[in-house]
Amino acid sequence: MSISFFSCSITEKVPDNRALLIDNTIMENGKKTSKEEVIAQLYQHPNSTFPMTNLRLRLYLYNLAKPNADSLYHIWLKNNPGKEKTLESILSKKQVDRLGESFIISGINNFLIKTGEAPVLYDSLRTNKSIIRLKNYYFNKGYFDTKITTKVDTMGAKKVKNTYSIATGEPYTIDSISTRISTKELDELYQTSITKSKIKPNTVFDVKNFEEERKRLAADFRDNGAYYFQELNVRYEVDTILNKKNKANIELIIDPRTVKSGDTLIQVPFKIYKVSDVNIFTDSSSKNKEIVLDSVQYNNFNIYSSTKLQYKPKALTDAVFITKGSTFSDFKRVLTSRSISNLRMFNYPVIEYVEDKRDTTGQSLISNIYLTSRKKMTFNPSLDVSHSNIQDFGIGGSVGLLFRNVFKGAEILEINLKGSMGSSRQMSNPNDVFFNVTEYGGDVKLTFPRLLFPINTDRLIPKSMLPTTSMSFGHTKQRNIGLDKNSFTAIINYSWLPSRRNSFSVDLANIQYIRNTNPTNYFSVYKSSYKRLNEISKDYQNVDPSYYDNNGNLTISEGGSNMFIKDALDPNNPLNINQPDHKEIRSIEERRVRLSENNLIIASNITFTNTTRTNIADNEFYTLKAKVESAGGLMNLLMKNTSSKEGPTGTKTIMDVEFSQYVKTEVDYIKYWDLGKKRVIAMRLFGGLAIPYGNSSSIPFSRSYYSGGSNDNRGWQSYRLGPGKSGGINDFNEANMKLLFSTEYRFNIGGKWYGALFVDASNIWNVFDDINDDSYTFNGVSSLKDMAVASGLGLRYDFSFFVFRLDLGFKTYNPAEDKGRKWFKEFSFKDAVFNVGINYPF
């Protein structure tokens, strides 16, 4: 099949009197150009090729299809009566007749036609239309004298190449700018913002700048009271200067407003409007004031309801930025719409303005805001299936309840109960049950549409920044996965939006208490540590025999492993442990203590996000996220001059738990480049560092970093990479520093199918903590050579509301390997990692 696929001619379905367009070449002033915006002007483009090859895959697929598969099938039946009888002996005659409509015969052909791409046949009419469009494009760029010729070259049987030769000449520049603004108020507004103009003297004439200036003026005038002003009210006259080569004078003209008076159209000056009343209708029935049951006047707002008012007036008016007596502003209308939507109480609001007939000057507007309440309570069940390198199979579900307007101040109460169970071959499973991993818990979150703070913050964070306060409390219990955990969390968060591009989130208090309920089972979970410890113990003859089971291995539940560690680290060295083994045993014990100890984290953090992304379909943007977190500092200060308990290691404790103390910072940068034709280059840079100090010598496991996985370095499984060049020898490898660089080239294969080529580089290291081994630690710039590199390819299907993703990652550079074996020695399907994911990795 593959031989016939690649051997068929790409001109197989090209008629004898036509030619396949193989290539478009655009020569701009004698040089070949590949500018996407120039190529986009052409009406005809050659059939697409597979990325980085000349293979026209979709054209091949199309050529494989038979145009009338059903008819050809019936002809085949007619010509082969013996085979028809054989089929009828197996199936009924009716079923045999309908086989032509089956997937095997018609379905495959329909798939090939739909996924494939019909041959692009050269068309001289489309070439002429392309010339006109190119001239318009260059004219809009200031090249008024562009000349274009085309040449068609034969590239073989039924194949041609089309070359466009463009001579642009010199661009025109703007010599002077004058205005003719008939409305005095608008002229005054223009003069106050003239420095912001997009059109400037001595710059190249570009229609794009004129369009941006038209939008700027319309927005500026409408934000300053010109309610009826539109972009179409701005026009330009361009006059080329005879005595000055390639120069043009620009006149910006704003004519009076055209209105209908009787049967005629007249021109009147634009008026600057003020808002005389603001009416808020809390439900659709209250639009008719005749059936209003409840109405309130509050801070110059009129609030109407067809039932008893369900909201505190302040909760509604705080979300409205259109005020009585203010000048009409489109910006305030948009901000009000965003603010009301942000409450999550109502569907998208309708905001209208009508002229106030009471004003004889005709310069007043009444603003009517129509709200439609959402359901008081929302029920949100969910179910999901998961797979990871730790959990072979998992199924989980949650039940969420959302209550709106809890205290009549637009508050939201969310209650979420969740549970999951899974199967893991890596976890201890003495009873040999399939679902040996379980987790359940719940959380409660209360959100207020304002900042709850002891002092007034309106000057620092005004309500126009849409501030919110949330308080959440949660509890999760994990059972039968080894150590077993109880986790309690409590968070007080503030968030606000200084602009459409920027946002802040502050956790005033982020408290997490993790209690390991089965720490004696540590070595059943972390099997690599147990395996090495068991191997070391067998090298020494005077180990207490009671530490072993009947198979001669250190016991776990009976405590043999822990007792061996205790004897091995005894200062008197009763087992005569040599120095290298002593060091390794100490390292194993330090890790055991760290990962099985209870954690108390009392932290505060601030996160800043800046993004240029406008919507989910935007593929030309960047996002920068920076976070700083500090834990334990305030608690240490409060306990500094008070008597406090100390833990086994001499650190301070609260309720017999050593509290963590560290500073953590992260920077995450994502950049997209849109290459056109559904092609995108995406890049991500991440750096994170957590430094323990004071009461801690290491970072809690829940706050540490790991590498590998479907959203990270795709050549390694989660937790299997690093630290440094150590080789990922532990079951769960983590550290307190991380660097990651990923880049991905995404392209459309056909329809909703997309492909990707990617390179990931990352690793984790220990630094400024209690680990001193050079293979684990970051030792300056020289350690960057330990960045592990993976490369691979991916296949994705776009379901519109989410993307299903398959990625195959190959270990390209493994820093843990010996010199000479680091590059491409594991670059094989045998060592590849198959990743399944939902949506893009970044």
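The values are calculated or read from the model by the stated rules, or taken from the named source; none is laboratory data. What you see is a predicted model; the values in this text were computed from it and never measured. Please note: Cβ atoms are built from the backbone with ideal geometry, for glycine as well, and neighbour counts cover all protein chains shown.
In the stretch 322-348, the residues that are in contact (Cβ under 8 Å) with a residue 12 or more places away in the chain reach residues that are basic (Lys, Arg) with C-beta atoms within less than 6 angstrom, at least six apart or across chains, in these pairs: Ile322/Lys332; Thr327/Lys274; Asp330/Arg222; Met345/Arg404. I'd like the residue in the stretch 412-450 that is among the aliphatic types (A, V, I, L, M), crowded, with 16+ Cβ neighbours inside 10 Å and modelled with pLDDT under 95 and, out of all such residues, is farthest from Leu466 (Cα to Cα). Taking the candidates together, the pick is Met427. Can you tell which of Phe804, Phe827, Phe810 is over 26 Å from the mean Cα position of the chain (by Cα) and surrounded by 13 or more Cβ atoms within 10 Å (Cβ to Cβ)? That would be Phe827, the only listed residue that is over 26 Å from the mean Cα position of the chain (by Cα) and surrounded by 13 or more Cβ atoms within 10 Å (Cβ to Cβ).
Would it be correct to say that Ile691 is β-branched (Val, Ile, Thr) and more than 27 Å from the chain's Cα centre (by Cα)? For Ile691, the condition - β-branched (Val, Ile, Thr) and more than 27 Å from the chain's Cα centre (by Cα) - is met. Within the set Lys566, Lys538, the sole residue that is surrounded by fewer than 16 Cβ atoms within 10 Å (Cβ to Cβ) and within 30 Å of Arg720 (Cβ to Cβ) turns out to be Lys538.
From the list Tyr190, Tyr122, the one residue that fits, being in contact with a Leu (Cβ under 6 Å, 6 or more places away or on another chain) and in contact (Cβ under 8 Å) with a residue 24 or more places away in the chain, is Tyr122. Scanning the stretch 503-527 for residues that are assigned to a strand (DSSP E or B) and within 28 Å of Met635 (Cα to Cα) yields a total of 13. Report yes if some residue within the stretch 522-544 is among the basic types (Lys, Arg) and over 30 Å from Asn578 (Cα atoms); otherwise report no. No, the conditions are met nowhere in the stretch 522-544.
Every condition in (1) part of a helix (DSSP H, G or I); (2) farther than 20 Å from Asn24 by Cβ; (3) not β-branched (Val, Ile, Thr) is met by Gly142 except one, and the failing one is (1). Inclusion of Leu61 among residues that are in contact (Cβ under 8 Å) with a residue 40 or more places away in the chain, closer than 26 Å to Ala756 by Cα and touching a strand residue (DSSP E or B) at 6+ places or on another chain (Cβ under 8 Å) is warranted.
Inside the stretch 541-562, can you point out the residues that are farther than 19 Å from Glu590 by Cβ, touching a residue at least 12 places away in the same chain (Cβ under 8 Å) and buried (at least 16 other Cβ atoms within 10 Å of the Cβ)? Those that are farther than 19 Å from Glu590 by Cβ, touching a residue at least 12 places away in the same chain (Cβ under 8 Å) and buried (at least 16 other Cβ atoms within 10 Å of the Cβ): Val543, Tyr547, Tyr548, Asn553, Gly560. Only residues that are more than 39 Å from the chain's Cα centre (by Cα) and surrounded by 14 or more Cβ atoms within 10 Å (Cβ to Cβ) were counted in the stretch 15-37, giving 3.
Each residue in the stretch 725-748 was checked for being in contact with a Pro (Cβ under 9 Å, 6 or more places away or on another chain) and either of a type outside the set (S, T, N, Q) or not assigned by TED's automatic domain parsing to the domain that holds Leu808 (or both), and 8 pass. Among the residues making up the stretch 302-328, a single one is crowded, with 20+ Cβ neighbours inside 10 Å, more than 19 Å from Tyr348 (Cβ to Cβ) and among the small types (Gly, Ala, Ser): Ser305.
Considering each residue of the stretch 198-224, count those that are without any contact (Cβ under 8 Å) to a residue 60 or more places away in the chain and either buried (at least 19 other Cβ atoms within 10 Å of the Cβ) or within 34 Å of the chain's Cα centre (by Cα) (or both), and give that number. Result for the stretch 198-224: 13. Consider the stretch 684-742 and keep the residues that are of a type in the set (Lys, Arg) and in a loop (DSSP other than H, G, I, E, B). The one that is nearest to Val781 (Cα to Cα) is Lys725.
Restricting attention to the stretch 731-768 and to residues that are hydrophobic (A, V, I, L, M, F, W, C) and closer than 25 Å to Arg532 by Cβ, the residue that is surrounded by the most Cβ atoms within 10 Å (Cβ to Cβ) turns out to be Ile764. Every condition in (1) over 25 Å from Leu508 (Cβ atoms); (2) modelled with pLDDT under 95 is met by Thr457 except one, and the failing one is (1). The residues in the stretch 19-42 that are assigned to a loop (DSSP other than H, G, I, E, B) and either among the β-branched types (Val, Ile, Thr) or touching a helix residue (DSSP H, G or I) at 6+ places or on another chain (Cβ under 6 Å) (or both) can be counted, and the count is 3. The condition (being under 42 Å from the mean Cα position of the chain (by Cα), at pLDDT below 85 and over 30 Å from Ile166 (Cα atoms)) is satisfied by just one residue among Ser102, Ser92: Ser102. When the test is whether a residue is farther than 24 Å from Pro256 by Cβ, hydrophobic (A, V, I, L, M, F, W, C) and not assigned by TED's automatic domain parsing to the domain that holds Ile366, Phe205 passes it. With a cut-off of at least 3 residues that are more than 19 Å from Gly409 (Cβ to Cβ) and not polar (S, T, N, Q), name the strands (runs of 3 or more DSSP E) lying wholly within the stretch 294-396. Those strands (runs of 3 or more DSSP E) span 350-355, 364-370, 377-386. When you scan the stretch 749-760, do you find a residue that is at pLDDT 95 or above, closer than 30 Å to Ala603 by Cβ, assigned to a loop (DSSP other than H, G, I, E, B) and not basic (Lys, Arg), even just one? For the stretch 749-760, residues at pLDDT 95 or above, closer than 30 Å to Ala603 by Cβ, assigned to a loop (DSSP other than H, G, I, E, B) and not basic (Lys, Arg): absent. Looking only at residues in the stretch 461-509 that are touching a residue at least 12 places away in the same chain (Cβ under 8 Å), among the basic types (Lys, Arg) and more than 22 Å from Leu600 (Cβ to Cβ), the one that is surrounded by the most Cβ atoms within 10 Å (Cβ to Cβ) is Lys463.
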